[in-house]
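Shown next, in C-alpha cells, is the structure this report addresses.
The values are calculated or read from the model by the stated rules, or taken from the named source; none is laboratory data. None of these values were measured; they are calculated from a predicted model. So basically every Cβ, Gly included, is an ideal-geometry build from the backbone, and we count neighbours across all protein chains shown. Note: areas computed on protein heavy atoms with side chains; ligands, DNA, RNA excluded. Shrake-Rupley method; radii C 1.70, N 1.55, O 1.52, S 1.80 Å.
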Amino acid sequence: MKKLLFLLLISIAAKAQLSSKAEVILVTVAPGKELHSAFGHTILWINDPTNGIDRAYSYGTFDFNTENFYLKFLMGTLPYTISVHSMQDEFNFNMQYEKRGMIAQKLELDSLQKNAILQDLETNLLPENKEYAYKFFYDNCSTRIRDMIEKNAPGKYQWSQNPTLEGKSYRDWMNKYLAPNSWVTLGMNLALGIPSNVTATASQSCYLPDNLSSATNLAKGLAANPVSMFDAQAEEQSGFDFTGPYVILGLLTLVIGLLSYKKAFPFAADVTLFSIIGLLAWFVFFLGTATNHEVMAWNPASLMLFPLNFPLVIWFARNPVKWEKYLRVVVVLCIVGTVWCGIQFWPMIFVGLPIFIRLFSLSFIKK
C-alpha cells in the first residue's frame, strides 16, 4: 500500500506544471566537520508557493543500514540515491545539527526549463532510477545537478571564462578541503592513483559544490546574486597537530636511521615494520585492482610500499646478504615510488623515507 501511494505521489508530481511564480534555486551547503561532509553539498530546490510545492532534491545520499554496508563501500558498489525533503527540513538540519552555512542562487530560467528540470528530478526519483553508482570525482551530488542545469539550460555555462576553476588536478582540489598534517588526508592520498592527478577542466572541477556555485555565479544570465540562507559561526583554527604524520613519521625516520647506522636494529623490529608496510601495500594494491574505484588504479604507492615485503620480511631481515639482489631492486622501486608520490602530494615522502632508509641499510650496509 505504501509503495502504491508513493508511486501515485510521484506520478502526480511528475505531471504537475509549475506556476509563473515557481523558482528553481541552487543551494550550496558549506563543508561540515565529518569526512563525508568535508567537501560541502549541493541541493536543487523547487519552490512554487502557488501550487504548494517545496521540494529540495539531493543526490549522493546513502543508507547506513544497507546490508554489508562497509564491504560495499570499500568495493565501490554501495548504492547511492537521490532523495527529496522540504527545504525547511534541510534548513533546520544544517542550521541546528550540522551548523553548516547555506547559500542560495535563484536560477534565471523560463517556464519550460523549470518544468523540464522538475520532470527530470521526479523521473530520477522513480524506484527503477533512484539508485546509481556514485563516483566522488565524476558522479556526485554536485556533478549531477551541474549536468541537469546544462541539459535544460544549454550554453549558460561559459566554461572557458572560468580561469579560477582551471589548472588544478582532482587531487589538488580535494586537498584544498583537507588539513595537510592529518592521518586522514595522508591515507586518502595514499589510496589515490594516477587518474586523480589529471588536471580537471572548469566543468570537471565542479565536482565540488563551492566550484559549482562559483561557476553558476559567473555564468552570464544564469543566476541572481548569491544570498545567504544561514551564516555558520566560523571555526577556530586549530594549532599544529603534534600527533599528526609530520611529527610521528619524522620521529620514526630519525629512530630508524639512527638504529640502522649503529647496526642495532633488531630482527623483531624489521618484521614488525615491513609487515605493517606490506599489509598496507596489499590493501592499496587491492583498492587499485579489485574494486570499482577507478581513481585508485595505477598507484605509485604500491612501488613505495611494495606488497611482497610481507611475508618475505621473515626471511630477508634474518639473512639480508642472501637476499641482497631482492633488496636492491626493492630499494630502487621504493625511491621511484617515493619521489613519484611526493610529486603528487609531498607529505607522502614521510611514508617512504623510513622504508627507504631501512631497505638501503639492509641491502648496502653489511652486518
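Worth pointing out:
- In the chain, the ratio of gyration radius to Kirkwood radius, Rg to Rh, stands at 1.08 when only Cα atoms are counted.
- Across the accessible surface of the chain, with the other protein chains kept in place and a 1.4 Å probe, carbon and sulfur atoms take up 64 percent.
- In order along the stretch 237-252, the Karplus-derived 3J(HN,Hα) couplings, from 6.51 cos²θ - 1.76 cosθ + 1.60 at θ = phi - 60°, round to 6, 6, x, 5, 8, 7, 9, x, x, 4, 6, 5, 6, x, 5, 4 Hz, and Gly and Pro are given as x.
- Calculated from backbone phi, Karplus (6.51, -1.76, 1.60) coupling profile of the stretch 87-95 in Hz, x at Gly/Pro: 5, 4, 5, 4, 5, 4, 5, 6, 7
- Choice from THR77, THR42, THR272 with maximal GNM fluctuation in the chain (Cα, 10 Å cutoff): THR272
- Links that overshoot a 24 Å alpha carbon limit, given the list LYS33/LYS114; LYS106/LYS176; LYS263/LYS322; LYS135/LYS176; LYS99/LYS176: LYS33/LYS114; LYS106/LYS176
- Residue-count net charge about TRP346 - beta-carbon cut-off 14 Å; Lys, Arg +1, Asp, Glu -1: 0
- In the calculated pair-distance distribution of the stretch 158-277, the portion above 18 angstrom amounts to 70 percent of the Cα-Cα pairs.
- Once backbone amide H atoms are built at 1.01 Å from N, GLY76 has ASN292 as its partners under 5 Å, excluding neighbours fewer than 5 places away on the same chain.
- Per-residue accessible area (protein heavy atoms, 1.4 Å probe) orders VAL351, VAL339 as VAL339, VAL351, starting from the largest.
- Taking amide H as placed 1.01 Å from N in the peptide plane, the amide H of ALA232 sits under 5 Å from that of GLY101, MET102, each at least 5 places away or on another chain.
- Normalised per residue, the accessible area of the chain is 52 Å², obtained with a 1.4 Å probe and no contribution from ligands, DNA or RNA.
- Sorting 198-210, 29-41 by average packing, meaning the other beta carbons within 10 Å per residue, from highest down gives 198-210, 29-41.
- Tilt relative to the chain, helix 209-218 - C-alpha long axis, 0 to 90 degrees, to 10: 50 degrees
- Dipole magnitude for the chain: computed about the Cα centre from +1 point charges on Lys and Arg Cβ and -1 point charges on Asp and Glu Cβ, it is near 1540 debye.
- Whole-Hz ³J(HN,Hα) from phi, Karplus 6.51 cos²θ - 1.76 cosθ + 1.60, for the stretch 106-111, glycine and proline x: 6, 7, 8, 10, 7, 4
- Between SER86 and SER228, the FRET efficiency from the beta-carbon distance, with R0 = 22 Å, is close to 0.65.
- Amide H contacts of TRP298 (H built 1.01 Å from N, in plane; Pro and chain starts excluded): no residue 5 or more places away or on another chain comes under 5 Å.
- Cα centroid separation - the stretch 208-232 against the stretch 67-117, whole Å: 16 Å
- Placing pseudo-labels 7 Å out from each Cα toward the beta carbon at SER275 and PHE93 gives an inter-label distance of 4.4 nm.
- Using distinct alpha-carbon pairs, which all enter the 1/r mean, Kirkwood radius of the stretch 86-161 in Å: 14.8 Å
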